[in-house]
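Working notes for the structure below.
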Amino acid sequence: MFTENIYCSYGYLWLQRSQIMVVRESQDRPVIPQFYAGREVFITGATGFMGKVLVERLLATCPNIGYLHLLMRTKKDVSPDSRLRELKESKVFDVLRRNNPEQLDKLRIVSGDITKPHLGLSDRFKTDLEKVMMLLLNY
Ligand SMILES: NC(=O)c1ccc[n+]([C@@H]2O[C@H](COP(=O)([O-])OP(=O)(O)OC[C@H]3O[C@@H](n4cnc5c(N)ncnc54)[C@H](OP(=O)(O)O)[C@@H]3O)[C@@H](O)[C@H]2O)c1
């Protein structure tokens, strides 16, 4: 499952079973969009300041990226579903909404809480995450 791969710093550093692989920029082609093509990513902290920027950059610069699974909790009685709708309306996505709105359809909710065992994930969400190839931790 996804727990073996941990990505940090926007695809720059890949820690896998204590090995470190540095993804180097190539002069011939953009490495990051190619790397993320078809890959599904699990992201925590997506509703936060840095998380929104991360999500926007991934969607805007990686046209062929797969689903982004965003861990969200209920906050102030607002459910993850409503929070995702609010997130999509954020100003940070103004350009993306105008130029490439279908990218926002790649955002998927994973209802959970990082302080709970197994991130508070239900079996349903655990199944959704089976295709995830990396984690971006940001909280
Ligand atoms: N802001 C900066 O300029 C900056 C610069 C460099 C590094 N960083 C680092 O980047 C990270 C994020 O910073 P930020 O400014 O984006 O923080 P932030 O705006 O406070 O966002 C924190 C995120 O973590 C989520 N979170 C917190 N507790 C959670 C829980 N129990 N379960 C699920 N999600 C939870 C929050 O979700 P809710 O919306 O549900 O609360 C929110 O999405 C931090 O480690 C920070 O030190 C920040």
* Structure fact -> Flagged pairs (Cβ under 6 angstrom, 6 or more apart or on separate chains; first in the stretch 36-56, within 12 Å of L107 (Cβ to Cβ) and near the ligand (Cβ under 10 Å from one of its atoms); second part of a loop (DSSP other than H, G, I, E, B) and of a type outside the set (D, E)) are G51/G45; G51/N138; K52/S90
* To do: Starting from the stretch 113-137, keep only residues that are within 15 Å of A46 (Cβ to Cβ) and outside any loop (DSSP other than H, G, I, E, B), then list their pairs with residues that are away from the ligand (no atom under 16 Å from the Cβ) and among the β-branched types (V, I, T) whose Cβ atoms are within a distance under 8 Å, requiring at least 6 positions of separation or different chains.
  => L135/T3
* Structure fact -> Of the candidates T74, T115, the one satisfying the condition of being within 15 Å of the ligand (Cβ to nearest atom), over 24 Å from R29 (Cβ atoms) and surrounded by 13 or more Cβ atoms within 10 Å (Cβ to Cβ) is T74
* For the stretch 90-104, enumerate the residues that are loosely packed, with under 12 Cβ neighbours inside 10 Å and either within 16 Å of the ligand (Cβ to nearest atom) or not in a helix (DSSP H, G or I) (or both). => K91
* To do: Keeping to the stretch 58-101, report how many residues are under 27 Å from K126 (Cβ atoms) and of a type outside the set (G, A, S).
  => 25
* Asked: Based on what the data block shows, is E130 of a type outside the set (K, R) and in contact with a Phe, Trp or Tyr (Cβ under 9 Å, 6 or more places away or on another chain)?
  -> yes
* Structure fact -> R83 fails exactly one of (1) more than 12 Å from the ligand (Cβ to nearest atom); (2) part of a helix (DSSP H, G or I), namely (1)
* Residue among K88, K106 that is within 23 Å of A37 (Cα to Cα), in contact with a Gly (Cβ under 8 Å, 6 or more places away or on another chain) and not hydrophobic (A, V, I, L, M, F, W, C) -> K106
* For the stretch 43-75, enumerate the residues that are more than 12 Å from the chain's Cα centre (by Cα), in a loop (DSSP other than H, G, I, E, B) and within 24 Å of H118 (Cβ to Cβ). => G48, R73, T74
* Asked: Across the stretch 98-134, what is the number of residues that are under 15 Å from G66 (Cβ atoms) and either under 15 Å from the mean Cα position of the chain (by Cα) or of a type in the set (S, T, N, Q) (or both)?
  -> 14
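Since every read-out is calculated from the coordinates, none of them should be taken as a lab result. Since we're looking at a predicted model, the values are computed, not measured. Positions of Cβ are generated from backbone atoms using ideal geometry, with glycine treated the same way; all protein chains shown enter the neighbour counts.
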